[in-house]
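Working notes for the structure below.
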Amino acid sequence: MKKEPSETPGAARITALLLEEVHRRLAPIWPDAHPLLHYHSCFELLIAVILSAQTTDEQVNMVTEELFDRFPDAKKLAEADIAEVEQIIHPVGFFHVKARHIIDTAKVLEERFGGNIPPTLEQMLELPGVGRKTANLVASACHEVPGIIVDTHVLRVLLRLGVCPKKDAGLAESIVRANLSPEKHTQFSYSVNRHGKFTCTARKPACTQEGMSCPLEDICPKIGAKG
Ligand code: SF4
């Protein structure tokens with residue numbers, strides 16, 4: 001099988017050095033290694049992350065207060081009327097499928113895990129609507145295991161840095177996993193997320209804006225960053 005560029009020994013070494021340097025520079029700037037979603041329990045976090053697909057954390061935070069007031073645990077949500085859930089979560093988009101996913105997830109949590117979050121990443125991935133980003137985020141926040149959380153911001157930054165050769169979150173996760181030590185994974189994910197959200201933004205990365213600067217400018221090839 002043809003190897004990805006970062007798998008060759010020389011390229012992997014460069015990738016490892018680059019990731020280490022990105023972590024060294026960004027972690028002190030963005031030290032808060034926590035989700036921006038509002039939640040009070042691991043159940044709420046899991047549901048909020050499922051709702052965050054294809055939308056912003058801010059949009060999700062606008063609906064979850066009412067959702068969790070009405071359905072505070074897996075048991076209540078498992079028994080919910082889907083039309084009521086759809087009406088509450090309507091603003092986050094894709095509300096038909098997301099309502100089905102969170103109710104079905106709540107049922108699985110009730111039936112298989114006593115209403116709790118599954119103990120392993122693999123079991124979390126079996127839940128409806130749960131992909132690797134969600135599973136890594138919830139596992140790292142709730143079970144304190146290293147999590148590589150590749151969301152849209154992290155993937156964009158890794159593409160522009162040349163760490164990941166294509167828009168493939170799974171590939172990006174595997175490259176980071178292979179080239180950065182596990183104890184740095186969670187902090188790296190959050191600091192790169194904030195960097196992508198506030199500095200290396202989709203439309204106006206700081207390096208292309210008059211009077212703005214980026215702490216990674218001298219080590220970034222700026223792939224796809226338009227001025
Ligand atoms: S130099 Fe530009 S493209 Fe590279 S990380 Fe910074 S803002 Fe993003």
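So for region 95-200, averaging the separation of alpha carbon pairs under 8 Å that are six or more residues apart and normalising by length, what relative contact order in percent results? Please report the intermediate quantities before stating the final value.
Numbers: 107 pairs, mean separation 22.3, N = 106.
Reported as a whole number, the value is 21 percent.
Just need the relative contact order of the chain here, percent rounded to a whole number, with Cα pairs under 8 Å and 6+ apart.
On the way: 297 pairs, mean separation 50.5, N = 227.
Over the chain, the number comes to 22 percent.
Rounded, prolate or oblate: pick one for region 42-143, where a ≥ b ≥ c are the square roots of the eigenvalues of its C-alpha gyration tensor, a/c under 1.5 means rounded, and failing that, prolate if a/b is larger than b/c, else oblate. Intermediate values should be presented prior to the final figure.
Numbers: a/c = 1.69, a/b = 1.25, b/c = 1.36.
Because a/c hits 1.5 or more and a/b fails to exceed b/c, region 42-143 counts as oblate.
Using alpha carbons only, how many degrees (0 to 90, rounded to 10) separate the axis of helix 95-113 from the longest principal axis of the chain?
On a 0 to 90 degree scale, this one is about 80.
Looking at the P(r) of the chain, how many percent of alpha-carbon pairs lie beyond 25 Å? Walk me through the intermediate numbers first.
On the way: 11226 of 25651 pairs.
In whole percent, the long-distance tail amounts to 44.
Any chance you could give the angle, 0 to 90 degrees and rounded to 10, that helix 185-198 forms with the longest Cα principal axis of the chain?
Once rounded, one gets 80 degrees.
Remind me, relative contact order of region 42-143 in percent, using alpha carbon pairs under 8 angstrom and six or more residues apart?
Numbers: 109 pairs, mean separation 31.6, N = 102.
Relative contact order, region 42-143: 31 percent.
We did not get these values from a lab; they are worked out from the coordinates using the rules stated. Keep in mind that this is a model prediction, so the values were computed, not measured.
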